[in-house]
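To start, the structure under review is shown below, and the notes come after it.
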Amino acid sequence: MRKLYSMTRLLFTLAVLLLLGGAAAAQTPAPAPVPALRANVTVTSDVVRIGDLVENAGPVAEVPIFRAPDLGTTGAVATDRIVDAIRPHQLIGIDTRGLAEVIVSRTSRAIGVPEISGSIAQALAGQYGFGDAHNILVNFDRNVRTLQVEPNVTGALQVLALSYDPRTTRFDVTFGLPSSVELRRQSARYTGTAIETIDAVAVEHPVEHGAVLKASDLIVLRRPKTESGALTDINAVVGLAARHPLHPGQPLSAADLMKPEIVQRSATVTIVYQAPGVTLTLRGQAQDGGALGDTIGVLNTESKRVLQAVVSGPDRVTVGVIATRVVDNAAASPE
């Protein structure tokens, strides 16, 4: 009986110990996550905080330790500098992950040259004799750098001051953005020239005399509106021929083009004489080249006389009643 009592007591003691051990294990806190450096960091404010650089920074995450790079730029901070800067804040055991430096970038809203020049054109449109903004060509006096403002700043550039001289075409403009502190720190004043332009058709490569122009031969340039006479409709140019050699970059005018020649100079042509009730055909030689509808000189090879005829088709000319006497003198043996 005593032996059974001892065994029961032993089992009870073991059970209690097991329960106590399990409870103790359940109460043991999980190890805290190890703080570790990040390789790349992006910040939006003008300071870099411990939490930006270190994962699991804990209570000191919001403590600023470095000045951020300029808006829209990137910099590198050596790992030793980061550790030294954090040490006074009692964050120890940082895993540097073998990094020699941490790359820090600062976000921004970039206002590039196209937006700046477009804002100038928009400011000039409808005044000083200008038309629509998209026809205004802006040239700056010097290279223009991209403006970097806070990423949360929205809206278009606002004109603070503007002057323009139509005689010299020069402008002077200053922009601002009311909600941007950064733009108040940097200059947003621009000077240069602004002119109104129009479309001008030109050839994209050299074109020989007489060549018929295709759409693939042509481009549209923007030229000053004051250069009158330039052809502006590319579709109206397609199918015409070069009256003389054409060069790239030179706007085309009506004087540069002609209808394609369908009769070449010195070519053998068929002369058709038409009068009421009479149609005769003769052989002749073109004295000039000509397009459809042109009047050219044609040598009657039988009479050796030159008459004026209208180009009516490829290597074909037509003589009307005004040339009756000339043709009759040479029409003894019609074809």
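Here, each number is a calculation from the coordinates, and none is a lab measurement. Note that this is a predicted model, so its numbers are computed, not measured. As a convention, Cβ positions derive from the backbone with ideal geometry for all residues, glycine included, and neighbour counts pool all protein chains shown.
Could you tell me what % of all Cα pairs in the chain have separations over 38 Å? The answer is 61 percent, as a whole percent. Taking amide hydrogens as placed 1.01 Å from N in the peptide plane, the amide H of Ala68 sits under 5 Å from those of Val47, Val48, each at least 5 positions away in sequence or on another chain.
Excluding same-chain neighbours fewer than eight residues apart, the aspartates and glutamates reachable from Lys225 by a Cα-Cα span under 12 Å are Glu196, Asp199. Looking at the chain alone, DSSP beta bridges between its own residues are antiparallel in about 90 percent of cases. Only four residue types carry charge here, +1 at the Cβ of Lys and Arg and -1 at the Cβ of Asp and Glu. Report the dipole size of the stretch 185-299 about the Cα centre in Debye, rounded to the nearest 20. In debye, rounded to 20, the stretch 185-299 gives about 320.
Calculated FRET efficiency, Ile219 and Thr197, Cβ-Cβ r, R0 25 Å, to nearest 0.05? After rounding to 0.05, the efficiency reads 0.95. Placing +1 on each Lys and Arg Cβ and -1 on each Asp and Glu Cβ, with no other charges, gives the chain a dipole about its Cα centre of roughly 1340 debye. Report summary: the helix-based calculation at 222 nm, which adds -39500 (n - 2.57) for every DSSP H run with n ≥ 4 and divides by the residues of the chain, gives -5500 deg cm²/dmol. The separation of the stretch 116-178 from the stretch 196-239, counted between C-alpha centres, amounts to 29 Å. Within the stretch 191-238, the GluC sites (Glu not before Pro) that combine a DSSP coil assignment with at most 14 other C-beta atoms in a 10 angstrom radius are Glu204, Glu208, Glu227. The angle separating the long axis of helix 113-124 from the principal Cα axis of greatest extent in the chain is about 60 degrees. The mean of 1/r over all pairs of different alpha-carbon atoms in the stretch 166-289, once inverted, gives a Kirkwood hydrodynamic radius of 19.2 Å. In degrees, nearest 10, range 0 to 90: what is the angle between the Cα axis of helix 2-27 and the longest Cα principal axis of the chain? Taking Cα atoms only, the helix is inclined about 40 degrees. Along the axis of the charge dipole computed for the chain (Cβ charges of +1 for Lys and Arg, -1 for Asp and Glu, origin at the Cα centre), the listed residues Thr169, Leu91, Val41 are led at the positive end by Leu91.
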